[in-house]
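The values are calculated or read from the model by the stated rules, or taken from the named source; none is laboratory data. Model, not experiment: these values are computed from the prediction. Heads up, the Cβs are rebuilt from the backbone with ideal geometry, glycines too, and the neighbour counts pull from every protein chain shown. The accessibility values were calculated without ligands, DNA or RNA, using every heavy atom of the protein model including side chains. Shrake-Rupley method; radii C 1.70, N 1.55, O 1.52, S 1.80 Å.
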Amino acid sequence: MTRICFNYARKEQIKYISHLDMMRLFQRALRRSGLPLAYSEGFSPHPRFNLAAPLPVDVTADDELGEVFFKEEIAPEEFILKLKKQLPEGLEIKRAQAVDKQAPALPSLVSAALYQARLVTVSPQLEVNIEAYRSALERLLDKEEILAPRSSRKGKRKTNVNVRPYINEAYFNGDEHEDQVVLKLLLQTGSRGGVSPVFVLEQLDFELGEKRPSHVNWNLHRVRLYRDCNGSLKPLSEGMCI
Amino acid sequence: MQTQKDILKYLLGQVWKPARYTGNEWNAVKKEHSSVDLRMAFAFPDLYEVGMSNHGLKILYESINRNPGMLMERVFSPATDMEELLRKYNLPLFSLESHKPLKEFDIIGFSLQYELSYTNVLNMLDLADIPLRTEDRKGDHPLIVGGGPCAFNPEPLAPFFDLFVLGEAEECLPAILTGYMDLKRHGYERNEIIARLSTFEGVYVPSLYNPAYSGEEFIGMERKDDRAPEMIRKVTVENLDTAPFPKAPPVPYLQTIHDRAVIELFRGCGRGCRFCQAGYIFKPVRRRSRDKLQQTAKEIIDNTGYEELSLVSLSSTDYPHLEELINNLDSDLSARKVKCSLPSLRLDSYSIKLADKLHQGRKSSLTFAPEAATERLRKVIKKNITEEEIFTSLGDAIDAGWQGFKLYFMIGLPAEHDEDVVEIVNLCRRLREYFKGRAKRKISINVSVATFVPKSHTPFQWEPQLSMDEVNRRQDILRTGFKKLRGVDFSWHDARASFLEAVFARGDRKLAPALEHAWQMGCRFDGWSEYFDFSLWQRAFQKTAVRGEDYAYRRFSYDQCLPWDHLSCGVDKNMLIAEHQKSLAGEKPEGVTHDPDLL
Ligand code: SF4
């Protein structure tokens, strides 16, 4: 039995699909690869495979992680070589490494994620009032409570959860692309609660109210995932994995 | 300058399920447009999830793209949210593979699977900025072609199509396309090209025929051009083993309706149920050899990575030595944990045994279509199963551990009485009691009742549909009956949608203006209950002075000319008449049991 952990990037071409679609895509690519996959037990066996954290539809990413179990010894190089051939344009495997089979499942390690949100306009003539955005963000962050609807496990009862504590950091930053508004979001995610970047951006648009320009869209990108290391955040791709 | 690509990118961020429009799936074929002589778009007038489940698409995609000089790309009906944005930003409908406007293709081929997708056909042409009517299209416009089951009575669509291909196009289509390009290269003008194409086998060019009427009565087609054949005969594939076989179909990202690998065991169906158009238009039965199936099954899984392989056909369990085939497939594919499945089952013990073999896992529910609840009515429609067979096979299924059943029935069948309708409820009650005695666990029963729609080229093509009032009354009988029957889930079809289907299934060219009008008023996705708006259709009929009732409720006489009489599926009209009379005489059809020699 081998357990391989790998890093991958999701580019524009492939960003329009959901987490479940991604799971299916990888499982089918793995089945095509001819690698000696280990399968789950039970009624409908599927390859033992995990992605660290769901990526929302319409979000690109640079440094995501996944893990696969094999029933035989497999060298990470062979894994990369064979899987690469089965992946569509826009999905890139970067590195892979064998990891301890006993280590906790990858998704359980994720505790935060860093996002970059960029404003794109459908017509270039459109001016974006950055100041309006900055003050809207300030107002949003000043709130003690930002309620997000959650449905219970069975999907029956709807409750509201305060997600303000899950926004670790949020700031506008113009350093890399002077002409574009870039918002950085460090958000808590994972089993101990979290908030989706899409929801935060919706709340920001809501704060803008009438000042929100039409024909403007957020372009979302996940820079990296983090794990909790005795109270401080460490990039997930360092340490246990690679 | 903002390019179309930028706008499109922006739009994709605004719509629900953007992957419906982006393509780039595994096995999607991308060719440079300039590197081929002929560019065809396969247009499916429904959502991506529906169209990508169509096996015909995969076959033709293979049949065209395997030619180095041709390419085929796909396009589906945009959902309403995307349509709104395309119109707002004035963006033309584009293909999935190259994102090029449809207008830039040489040929657009529409797959006509069901009547309630016709407004989507017009909508797609309009979104592509192509004139709707053949007479308004100029030299540069793509050739608009239709195929699929509805091409066997395409008259309501006649003014909008340049030509139809009748029957199975996978072998003849490349030749038709080459013929088209040759004629174009020779500099013939559009109308002449289309007229010359009418001499190709299976090609129907509606503009070369003039429907003649005596008063209101259709009396036959007048040919406007001597080259056009009097009778257009469908094309069939003779040998399925050598016909194009989609070994590497595009693998969707989105979950589609049938998201699995497919091998087609045989074409046609030997059962001959009298209401079933597929049974007649796909005659005769031709099967693929077991060797070929086994070999291609492995290749498909290699190429797609699917976790399920469906063995499809109109009536798959009629394939001879199916059990052996399944055993062989299992041993080839079990290492990769690929499961085989059958789309539908017959109600016999043999089928139950097979189903048991296929489902090693959780046995949720099995699907059967008895269609009618009384033996008498089943004989009328030639669905020959006895009540005893139903009970034995469902009992066997319960013993094998199945948790429930989906049962399909129809109302409004010819010679149906109230007793037959009531009997649907009674049969389900008897089944429920029977299950109670047989199983300790709870067995779920789902009953779905459709309304009979008379279809062209079947022995019931002369029969009227029940009036909507009468359908509603009989549905009330069912609703009342099932309300009292706990533990049985009952659902039914909208009588108005079935009416519309019947109007178009036996329609003529006079319906075209009504169709166009309905589309203009906003009718789209008429097969989807959430979009279906019958009041718009009523207005469209009124505006264009068409009485839908005259089409749906009419009983045709044998000597009357039917709007599809010039289109032959290979079955003689006299044979249909004979079958029709047999059914009404309540004559017992020849006994059919599972018999490998049936095929
Ligand atoms: S068995 Fe099914 S496919 Fe065959 S004729 Fe009957 S209804 Fe049609």
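A few points about this structure:
- With a Förster radius of 35 Å applied to the beta-carbon distance between residue A:238 and residue A:151, the computed FRET efficiency rounds to 0.50.
- Förster-model FRET efficiency, 41 Å R0, residue B:201 and residue B:331, C-beta, rounded to 0.05: 0.45
- The helix-only estimate of mean residue ellipticity at 222 nm for chain B, built from DSSP H runs of length n ≥ 4 each weighted as -39500 (n - 2.57), is -10500 deg cm²/dmol after division by the residue total.
- On the basis of the beta-carbon distance and an R0 of 30 Å, residue A:105 and residue A:199 show a calculated FRET efficiency of 0.75.
- Members of the range A:88-125 that become less accessible by 20 Å² or more once partner protein chains are added (1.4 angstrom probe, chain alone as reference): A:88, A:89, A:122, A:124
- Neighbour cut-off at most 15 other Cβ (10 Å), DSSP loop, trypsin sites (Lys or Arg not before Pro), the range B:461-502: B:484, B:486
- Coil-residue trypsin sites (Lys or Arg not before Pro) of the range A:63-93, DSSP, other Cβ within 10 Å capped at 11: A:85
- Of the solvent-accessible surface of the protein assembly as shown, computed with a 1.4 Å probe and all protein chains present, 48% belongs to carbon and sulfur.
- Buried solvent-accessible surface, both chains (B, A), 1.4 Å probe, Å² to nearest 100: 2700 Å²
- Selection of chymotrypsin sites (Phe, Trp or Tyr not before Pro), the range A:1-69, meeting DSSP coil and at most 13 other Cβ within 10 Å: A:43
- For chain A, the 222 nm mean residue ellipticity estimated from helices alone, with every DSSP H stretch of n ≥ 4 adding -39500 (n - 2.57) and the total spread over all residues, rounds to -6500 deg cm²/dmol.
- Value in Å of the Kirkwood radius, where the range B:78-209 supplies the Cα pairs that are averaged: 15.4 Å
- Solvent accessible area, Å² - residue B:35, 1.4 Å probe, full protein context: 80 Å²
- Accessible area in square angstrom per residue, chain A, 1.4 angstrom probe: 49 Å²
- Residues in the range B:297-313 that a label on residue B:341 would reach, taking backbone N under 12 Å of a point 7 Å out along Cα→Cβ: B:307-312
- Shape call, the range A:1-137: gyration tensor on alpha carbons, a/c limit 1.5: prolate
- Extents of the protein assembly as shown, taken as max minus min of Cα coordinates on every principal axis and listed largest first, are 86, 70, 52 Å.
- Taking one quarter of the surface of the C-alpha convex hull of the range A:112-235 gives a mean projected area of 9.1 nm².
- With both labels modelled 7 Å from their Cα along Cα-to-Cβ, the residue A:142 to residue B:6 distance reads 3.6 nm.
- Nearest-10 value in Å² for the accessible area of residue B:180, using the 1.4 Å probe: 10 Å²
- Rounded if a/c under 1.5, otherwise prolate or oblate - the range B:138-238, Cα gyration tensor axes: oblate
- Amide hydrogen neighbours beyond the local backbone of residue B:76, cut-off 5 Å, H modeled: B:44
- Accessible area per residue for chain B, computed on protein heavy atoms with a 1.4 Å probe, is 39 Å².
- Exposed GluC sites (Glu not before Pro) absent: longest stretch of chain A, with sites in DSSP loops and at most 13 other Cβ within 10 Å deemed exposed: A:179-237
- Per-residue ³J(HN,Hα) for the range B:516-522, Karplus 6.51 cos²θ - 1.76 cosθ + 1.60, θ = phi - 60°, Hz, x for Gly and Pro: 4, 5, 4, 4, 4, 7, x
- Residue B:53 accessible area, assembled protein chains, probe 1.4 Å, Å²: 20 Å²
- The candidates B:26, B:492, arranged from most to least accessible area with a 1.4 Å probe in the full protein assembly, appear as B:492, B:26.
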